[in-house]
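Worksheet: the structure to be examined is printed underneath.
The values are calculated or read from the model by the stated rules, or taken from the named source; none is laboratory data. Just so it is clear, the structure is predicted and the values come from calculations on it, not from any experiment. Here the Cβ positions follow ideal geometry from the backbone for every residue, glycine too, while neighbour counts run over all protein chains shown.
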């Protein structure tokens, strides 16, 4: 099915949901839009305990390296807060630190707001593995 | 851009993101899939304080009326828990009860797991309105 | 089955679990123990939204009227904190304010620590009604 | 004092509160009831940080090994969620990872709902050791 | 005792702690600093349930009317987030909606970061009234 | 600017905000007050993950070694609870365990209530470092 790319949150969620070829199409569509929207995509996986240490830093690095943000305190702080909000959606139970998490994360901004979306799988046991989705947004 | 409909969480999120015509396409695709997947869509809006009273009931009603679940305690309980998880994503700050919320909600099941996705807008002030997304999943 | 009355938390939980005649036996056993343990029992019911307003006050009143505590700021504060901890167990989801709650609450102290236990039922829908139990403890 | 064994949550709480000989009586009573109720009991102890890693897995193992549940994704997921809810009651403060926890845990089901109850002690310092109780319930 | 005014968070906390004449001195000191720091002070009181509705709006209004921020979505959003963080410190127990709250709130910015500090009293019962302090910070 | 030392919470916050010479003045003023108020100050720093292990113990030790409390279960428990409340203000996001925290902590009591205040800095990245403040209070 086809979905229109209209707002940064929607774009970030679609990019997080996308497989490899779908991601290329989204990136091309965003570039063709000529509207100052910037998008980066990264993968994060590990145990919940490990993810607590790496999630925000990985997303911050992806945002900087892909020129989604400039390296100012305010813009970096916006990424960290949106990432933490997204992490709460991915792993709402803060207590099961040994569960495994594997998500695709997209960061998208229009220069005013910045959205972080994460989609993937998480499980305490492989038998109970199921989808997860987290989303956060912050002003730049 | 086009995204493949492969798993119930992904389908629920795409349906929540969709506009009216996109929603029709998703529903047709799900039906054509012939794979026992059921999908319902509903709208919920109001102040955060009001949403706290109505969110889970509205989603439960939509799930029952659209035959997404049968009216058994277990299946109804699954919808309520997935809905509460989705609500936490939509309104992570439990304290601002006067903020306004307006979301499209999709409920999707394959008979084993059930997903609830919500996407829309929320704001304390119209000036600070931004996108929100919540997601929950539970075994049937 | 029979359970020994040994510690204030255990006594409070058993009193919260008890039916009317079991409650009388527990109270008689506690009195016969001659060990400075005091116990009060009360019922609390209503919607979750209403319970948020009344739960701590009702338990505080029951503790004072039954001489479980003296009316000092410290002892009253201990009851309030133990009651709030118990409430979180009874209704862990803070968002479903329209769910109905009906619990039996016991307050028990040995003069050093104070325990509050609550046991009963809670449901968003009568079809999904299930047991709930909450427990809190605080120094006097 | 004596308490009647009537519902799975009550049975799980009483089993978690029981000492060794009381536990045998409860198990015999449950078996004699001939009503499809299954019950397992296990012990869990360690620092809070360690418990975060082991609590849900230990309870899942106890439930499977004692035939309280079948090894299906849905039934395993139900145990994990009820266990996480019980853990929140046992250790409501997520931040004190070095506190020690020692609890007896009971898992009980009637084939429709499943309850997990935990009772024991927890302390940051041995001087401040006090009772703890946690309880969770989920549809199977 | 005397404390130096060096950073916006410290200034906001001191202003929230101040009585009327101390507040005048702080405001004069901030103005004399000639360093682009802006400060506003307001009072908020009511039941916890009412505060949940009014806290963020009152602080947003005070920030705008006193020219602490400009009326842009980003700057308004920064105030709302810092205010919500401060509110969590003032009333950490989300469940006791009938407790009364009375706080002095200060909002302070240097044009890069914005701090909100709240100090005052809160009580379920007048007998257990005690001090409260909340603090939040956000990039502008 | 000058602020009057009137209540234990206010004294604790001012001591946490103070630099070395200001701290000496506060301590002298408290002693001169001849009113049974006791005050201790300590520093705590480390990663958030490490702080979760050490925060409450460090504050408990400082309170005992400086005779702010006696070594009874109730008084020690009061310090632990006030410290945990203060920690939540210092690090509201429980998930970013790798962020660094550096705070000055003050513990103050009048023999009836005990307050813990913490003020300092916290950052996931040095670029986004900003002030933090936490506060907790408990009956002795």
Review point. Which residues, taken from the stretch E:128-139, are more than 7 Å from every other protein chain (Cβ to nearest Cβ) and not in a strand (DSSP E or B)?
Key: E:129
Exercise for review: Quickly run through the stretch F:8-44 and pick out the residues that are surrounded by 12 or more Cβ atoms within 10 Å (Cβ to Cβ), free of Cβ contacts under 8 Å to residues at least 40 places away in the same chain and in a loop (DSSP other than H, G, I, E, B).
Suggested key: F:33
Check your understanding: Of all residues in the stretch A:15-58, how many are out of contact with any strand residue (DSSP E or B) (no Cβ under 6 Å at 6 or more places or on another chain) and under 21 Å from residue A:111 (Cα atoms)?
Key -> 13
Practice item. Give the stretch D:102-127 a look and list any residue that's surrounded by fewer than 23 Cβ atoms within 10 Å (Cβ to Cβ) and either outside any strand (DSSP E or B) or away from chain C (no Cβ under 11 Å) (or both), or say none. Key: D:102, D:104, D:110, D:111, D:112, D:123, D:125, D:126, D:127
Exercise for review: Go through the stretch C:45-77 residue by residue and tally those that are surrounded by 19 or more Cβ atoms within 10 Å (Cβ to Cβ) and within 13 Å of the chain's Cα centre (by Cα).
Suggested key: 7
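Looking at the stretch B:84-95 only, could you name the residues that are within 14 Å of chain D (Cβ to nearest Cβ) and in contact with a helix residue (DSSP H, G or I) (Cβ under 8 Å, 6 or more places away or on another chain)?
Going residue by residue through the stretch B:84-95, those that are within 14 Å of chain D (Cβ to nearest Cβ) are B:84-85.
If the condition is that a residue be within 14 Å of chain D (Cβ to nearest Cβ) and in contact with a helix residue (DSSP H, G or I) (Cβ under 8 Å, 6 or more places away or on another chain), then B:84 is the only one that fits.
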**Study point:** Pairs with Cβ under 6 Å, 6+ apart, first in the stretch A:73-91 and under 15 Å from residue A:106 (Cα atoms), second at pLDDT 95 or above and assigned to a helix (DSSP H, G or I)
**Key:** A:79/A:60; A:79/A:63; A:83/A:59
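Among the residues of the stretch C:38-54, are any closer than 18 Å to residue D:14 by Cα, at pLDDT 95 or above and within 14 Å of chain D (Cβ to nearest Cβ)? Spell out how you get there, then give the answer.
Step one: filter the stretch C:38-54 for residues closer than 18 Å to residue D:14 by Cα, giving none.
There is no residue in the stretch C:38-54 that is closer than 18 Å to residue D:14 by Cα, at pLDDT 95 or above and within 14 Å of chain D (Cβ to nearest Cβ).
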Exercise for review: Return yes or no: is residue D:98 closer than 30 Å to residue F:86 by Cβ, in contact (Cβ under 8 Å) with a residue 40 or more places away in the chain and more than 14 Å from chain C (Cβ to nearest Cβ)?
Suggested key: yes
